[in-house]
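So the structure is just underneath, and the comments pick up after that.
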Amino acid sequence: MGKPYVKAIVALAALIALFLAFRLLPVAAWLTSFQAWVRHLGALGYVVYGLMYAVCVAAFVPASLLTIGAGAIFGVVGGTIVVVIGATLGAMLAFFLARTVLRRKVERMIERRPKLGAVDRALAKEGTKLMLLCRLSGFPPFVFANYAFGVTGVGVLSYFLTTLFGIIPGCFAYTYAGHAGAAVATGSGNRIALLVTAAGIVLVGAYVARIATRAIRRAGVNDA
């Protein structure tokens with residue numbers, strides 16, 4: 001089974017767990033209170049969440065839960081925008097750290113991980129196209145790829161654009177899942193329709209990632 005599909009199964013399991021949590025715990029009350037606090041901040045709430053997301057990305061903290069949370073708090077559109085901006089900021093921070101003060105540590109990290117080294121070599125041939133495919137597929141893992149790309153010869157603008165646009169499908173899928181979970185918790189909307197739609201979007205995201213992964217393999221990088 002391909003890794004993108006494994007990620008889809010994990011995401012669906014998380015969605016089911018989220019639904020059960022909403023049923024068994026006073027999550028609705030917690031969520032309502034947190035939403036009220038963030039909304040009370042106004043535009044600053046978006047900024048705070050985005051900056052927190054960026055710091056987590058640069059600190060090697062998987063941000064999937066933050067992505068789902070953004071959907072629950074800001075909605076699909078607002079949450080996706082916050083997540084994409086926060087993730088891109090964190091990716092740029094990691095990229096510049098890898099090119100400066102952390103360069104030697106990152107180079108040693110790549111030496112210990114042959115798969116990252118294979119991506120580095122493939123980038124010399126495929127460049128921007130391969131970077132975009134990496135972002136779409138989720139391989140290498142986002143928080144590691146940010147640093148790994150920093151010690152390659154890729155241009156800053158190319159890295160920025162492929163990151164910004166390549167992560168949109170995945171961010172949208174997880175943000176919608178968070179939005180659906182919040183709607184179920186607060187009793188707004190058709191619960192079954194929301195959950196089925198969220199599951200469908202996650203599966204479509206996994207399919208897109210699968211296509212990108214196959215293209216990466218054709219470029220000479222094996223994620224198995």
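The values are calculated or read from the model by the stated rules, or taken from the named source; none is laboratory data. Bear in mind the structure is a predicted one, so any value in this text is a computation, not a measurement. Areas reflect the complete protein model, heavy atoms only, side chains present, ligands, DNA and RNA absent. Shrake-Rupley method; radii C 1.70, N 1.55, O 1.52, S 1.80 Å.
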Original post:
Ranked from the most accessible area to the least, with a 1.4 Å probe and all protein chains present, what is the order of 152, 128?
Top reply: 128, 152
Original post:
Roughly how many Å is it from the Cα centre of the stretch 142-166 to that of the stretch 34-69, as a whole number?
Top reply: 22 Å
